[in-house]
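Student: First, the structure itself, so that you have it in front of you.
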Amino acid sequence: MINDIDYLSSSRFEAMTGDPRTAVVSITDPGSSDARIPAGFGPALRLKFDDLDESSLGSGSVGQAFSRLDAEAVVSFLDRVQGTPDITGLLVHCEMGRSRSAAVAWYALSFGGQMTRERRIDGINLLVLRMLEDAGARKVARAAFGALLDRLAHR
């Protein structure tokens, strides 16, 4: 059962020591090398997509956006590790550890865990979060986010 959730940058993640009780979601940019997952971590899911949200897509930014298939892969992975008694933690990383990874980590709260430390949410990628909520038919408690996530309800 996932109890402890955290998100961080790729560089901080790659410097860690693995923990077999911790599952990993590793997010990298398309065309870049996969991040090194330190030995000893539990199950891992690797994803490649650019940090694009509705605003950047609307203004003409190009790249590989988070897709419905990506969302389904994350939901399936979280469902699987949630049902694994030996897994108690989840680490999510992306390049900067701020928007893509934050969206996945905050979505993981809908499984009942908690953030291991207080985190800023001002850069969270709301497109990723909304797509995860849609794919998993789970909503993140809006009280955890206040006005920031109220914007999701109006889209």
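The values are calculated or read from the model by the stated rules, or taken from the named source; none is laboratory data. Note that the structure is predicted; figures quoted are calculated from it, not measured. Neighbour counts are summed over all protein chains in view; Cβ atoms, including those assigned to glycine, are modelled from backbone coordinates with ideal geometry. Protein only, heavy atoms only, side chains kept; ligands, DNA and RNA dropped before computing areas. Shrake-Rupley method; radii C 1.70, N 1.55, O 1.52, S 1.80 Å.
Student: Looking at segment 67-87, can you tell me whether even one residue there is surrounded by 21 or more Cβ atoms within 10 Å (Cβ to Cβ) and not in a helix (DSSP H, G or I)?
Tutor: No; the residues of segment 67-87 include none that is surrounded by 21 or more Cβ atoms within 10 Å (Cβ to Cβ) and not in a helix (DSSP H, G or I).
Student: Residue pairs, Cβ under 9 Å, 6 or more apart or interchain, first in segment 69-84 and at negative phi, second acidic (Asp, Glu). List them.
Tutor: ALA71/GLU133; ALA71/ASP134
Student: Does segment 28-35 contain at least one residue that is open to solvent by less than 50 Å² (accessible area, probe 1.4 Å), touching a residue at least 12 places away in the same chain (Cβ under 8 Å), polar (S, T, N, Q) and touching a His at 6+ places or on another chain (Cβ under 8 Å)?
Tutor: There is no residue in segment 28-35 that is open to solvent by less than 50 Å² (accessible area, probe 1.4 Å), touching a residue at least 12 places away in the same chain (Cβ under 8 Å), polar (S, T, N, Q) and touching a His at 6+ places or on another chain (Cβ under 8 Å).
A quick yes/no check of all residues on (1) out of contact with any Phe, Trp or Tyr (no Cβ under 6 Å at 6 or more places or on another chain); (2) within 17 Å of SER11 (Cα to Cα); (3) at pLDDT 95 or above:
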residue	(1), (2), (3)
VAL25	yes, yes, yes
ASP34	yes, yes, yes
PRO38	yes, yes, yes
GLY58	yes, no, no
SER61	yes, no, no
ALA71	yes, no, yes
VAL81	yes, no, yes
HIS93	no, yes, yes
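Student: May I pose another question? For segment 75-105, which positions are under 16 Å from ALA23 (Cβ atoms) and under 8 Å from the mean Cα position of the chain (by Cα)?
Tutor: VAL92, HIS93, SER101, VAL104, ALA105, listed by residue number.
Student: Only one of these conditions is not met by MET96: (1) within 18 Å of ALA35 (Cβ to Cβ); (2) in contact with a helix residue (DSSP H, G or I) (Cβ under 7 Å, 6 or more places away or on another chain); (3) surrounded by fewer than 16 Cβ atoms within 10 Å (Cβ to Cβ). Which number is it?
Tutor: Of the numbered conditions (1) within 18 Å of ALA35 (Cβ to Cβ); (2) in contact with a helix residue (DSSP H, G or I) (Cβ under 7 Å, 6 or more places away or on another chain); (3) surrounded by fewer than 16 Cβ atoms within 10 Å (Cβ to Cβ), the odd one out for MET96 is (2).
Student: Taking into account only those residues within segment 46-56 that are within 15 Å of LEU132 (Cα to Cα) and at pLDDT 95 or above, which is surrounded by the fewest Cβ atoms within 10 Å (Cβ to Cβ)?
Tutor: PHE49
Student: Looking at segment 112-155 only, could you name the residues that are over 20 Å from ALA65 (Cβ atoms), open to solvent by less than 60 Å² (accessible area, probe 1.4 Å), outside any loop (DSSP other than H, G, I, E, B) and modelled with pLDDT of 65 or more?
Tutor: Scanning segment 112-155 gives a single hit, MET115.
Student: While we're here: Has segment 8-15 got any residue that is of a type in the set (Gly, Ala, Ser), assigned to a helix (DSSP H, G or I), modelled with pLDDT of 95 or more and surrounded by 14 or more Cβ atoms within 10 Å (Cβ to Cβ)?
Tutor: Yes; the residues of segment 8-15 include at least one that is of a type in the set (Gly, Ala, Ser), assigned to a helix (DSSP H, G or I), modelled with pLDDT of 95 or more and surrounded by 14 or more Cβ atoms within 10 Å (Cβ to Cβ).
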